[in-house]
Amino acid sequence: MRWVRRFSKLFAVFAVALLLLVVTGASDRLVLYARILKLYTQTPDTRLAMPLEDVRKTAIADTWQAARGEGRKHEGQDIFATRGTPILSATSGYIYNIGENNLGGQTVSVIGKGGRVYYYAHLDSYARGIHIGDRVTTRTVLGYVGSTGNAQGTPPHLHFGIYTSSGAINPLPMLTDRLPPTATRQETRPRSQLINRKA
Ligand SMILES: [Zn+2]
């Protein structure tokens, strides 16, 4: 019965390895990697939901690639709002990173379709209970507007950036308002003018 002993030994090794994987959270990582691999096969989003619900796209001053000193260029857009305004994910995807760095302060990164990484920076605080690997939708709150990192001393704003495998791209053309559209100019014109336009 040597083979039984060998098999049970093999099984024990396998069980211990599996247990270690679960205990160390490595299995969660593996699941996340599998999900990320799937995202890479999908076409990137071309329309993004405004991360701050009540801000209109027209309110954003385009500062893409603006000089930021020391030869650095602005790799995103700044969206200004009151401190503590909730930041919603602009896309669906998974939380890729939660962490602090010198420039961005408190930041959250979400990985979306096509493997694009959406970067939210200068957060005053993180949404409670968010973890790396969590699934997010455009209704998920990631954190709250602040001025952490190199935004200290400036009016609170969200720095929003998008990173593709070939570098940063401008988020502004892709952003779409969450607010319902305001009455268009045509609707507010007198009726007579509308008739004239038709002619
Ligand atoms: Zn910025």
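Just a few scattered comments:
- Modelled FRET efficiency - R0 25 Å, residue 164 with residue 38, Cβ distances, 0.05 increments: 0.90
- Total charge dipole magnitude, segment 48-176, about the Cα centre, Cβ charges on Lys, Arg, Asp, Glu only, Debye to nearest 20: 240
- The chain - Rg and Dmax from Cα coordinates, angstrom: 23.3, 99
- Principal-axis tilt of helix 2-23 within the chain, Cα atoms, nearest 10 degrees: 30
- Close amide H contacts of residue 56 (hydrogens built in the peptide plane, cut-off under 5 Å, sequence separation of 5 or more or a different chain): none are found.
- As a proxy for reagent exposure, ranking 50, 174 by other Cβ atoms within 10 Å from fewest up yields 174, 50.
- For 9, 57, order by how many other beta-carbon atoms lie within 10 Å, fewest first: 9, 57
- Acute angle (nearest 10 degrees) that the helix 26-40 long axis makes with the longest principal axis of the chain, alpha-carbon atoms: 40
- Per-residue Cβ neighbour rank within 10 angstrom, fewest leading, 23, 136, 117: 23, 117, 136
Every number here is computed from the coordinates shown, using simple stated rules; none is lab data. All of these numbers come straight from a predicted model, not from anything done at the bench. Positions of Cβ are generated from backbone atoms using ideal geometry, with glycine treated the same way; all protein chains shown enter the neighbour counts.
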